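K.L.:
Here's a structure for you.
The values are calculated or read from the model by the stated rules, or taken from the named source; none is laboratory data. Just so we're clear, the structure is a prediction, and the values are computed from it rather than from any experiment. Positions of Cβ are generated from backbone atoms using ideal geometry, with glycine treated the same way; all protein chains shown enter the neighbour counts.
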Amino acid sequence: MLDGSMMSRVTAIAAISAMATAVISGAASASDGVGEAVAVADAASASGEVGARPLTGGSSVFAGDRVTTNGVGEAQLLFQDGTRMVVGPNSSLVIEESLFRGNATENKFAVRALGGAFRFISGDSGAKGFTIRTPSATICGAGGGCTGGDSVKR
């Protein structure tokens with residue numbers, strides 16, 4: 001049987017262990033980001049599995065994140081292959097898929113533009129894997145093999 005002081009030590013060790021595990025898990029999920037906000041003007045935010053958070057320069061973004069700007073906000077996102085996307089004022093998009101494997105040709109990048117203005121600059125990956133879905137069309141990279149709905153090849 002443990003006395004009071006021994007029980008307190010065991011409880012403290014368990015609490016420290018739990019906090020360390022949470023910190024390590026948080027660091028692992030932060031390193032799993034698919035890109036980062038490299039410039040943010042006024043206000044932009046992201047929400048997804050990692051939670052809701054304001055975007056600032058250096059903030060990670062993740063697959064599944066919804067990125068939103070206010071009426072005068074803008075956010076420039078830089079992805080792992082050098083792809084850049086600027087989210088204009090009063091705009092919103094979802095990063096649906098982002099899979100970059102070094103120099104592999106089967107890289108994939110898909111976003112769903114929910115509304116607003118955007119600028120997209122492809123990075124080092126081939127154009128085949130890029131898809132941008134909008135309310136009225138799906139835009140694919142050359143040879144991207146878009147299916148369904150209206151499609152526009154770049």
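K.L.:
Within region 35-42, is even one residue in contact (Cβ under 8 Å) with a residue 60 or more places away in the chain, closer than 26 Å to Asp124 by Cα, crowded, with 16+ Cβ neighbours inside 10 Å and not basic (Lys, Arg)?
P.N.:
Of all residues in region 35-42, those in contact (Cβ under 8 Å) with a residue 60 or more places away in the chain come to 35.
From the residues that got through so far, the ones that are closer than 26 Å to Asp124 by Cα too are 35.
Applying the additional criterion that residues be crowded, with 16+ Cβ neighbours inside 10 Å yields 35.
From what's left, not basic (Lys, Arg): 35.
Yes: region 35-42 contains one or more residues that are in contact (Cβ under 8 Å) with a residue 60 or more places away in the chain, closer than 26 Å to Asp124 by Cα, crowded, with 16+ Cβ neighbours inside 10 Å and not basic (Lys, Arg).
K.L.:
Could you say whether any residue in region 52-68 is under 14 Å from Ala113 (Cα atoms), in contact (Cβ under 8 Å) with a residue 40 or more places away in the chain and surrounded by 19 or more Cβ atoms within 10 Å (Cβ to Cβ)?
P.N.:
no
K.L.:
Okay, moving on. Where in region 108-154 are there strands (runs of 3 or more DSSP E), lying fully within it, with 1 or more residues that are modelled with pLDDT of 75 or more?
P.N.:
By residue number, 108-115, 118-121, 130-133.
K.L.:
Please enumerate the residues belonging to region 68-85 that are of a type in the set (Val, Ile, Thr) and within 13 Å of the chain's Cα centre (by Cα).
P.N.:
Listed by number, the residues that qualify are Thr68, Thr83.
K.L.:
In the list Ala20, Ala39, Ala15, which residue meets the criterion of being within 21 Å of the chain's Cα centre (by Cα) and either modelled with pLDDT of 55 or more or among the small types (Gly, Ala, Ser) (or both)?
P.N.:
Ala39
K.L.:
So Leu99 fits all but one of (1) hydrophobic (A, V, I, L, M, F, W, C); (2) closer than 17 Å to Leu114 by Cα; (3) modelled with pLDDT under 95; (4) in contact with a Lys or Arg (Cβ under 9 Å, 6 or more places away or on another chain); what number is the exception?
P.N.:
(2)
K.L.:
Okay, moving on. Across region 69-87, what is the number of residues that are crowded, with 19+ Cβ neighbours inside 10 Å and either closer than 15 Å to Phe130 by Cβ or touching a helix residue (DSSP H, G or I) at 6+ places or on another chain (Cβ under 7 Å) (or both)?
P.N.:
Qualifying residue count, region 69-87: 6.
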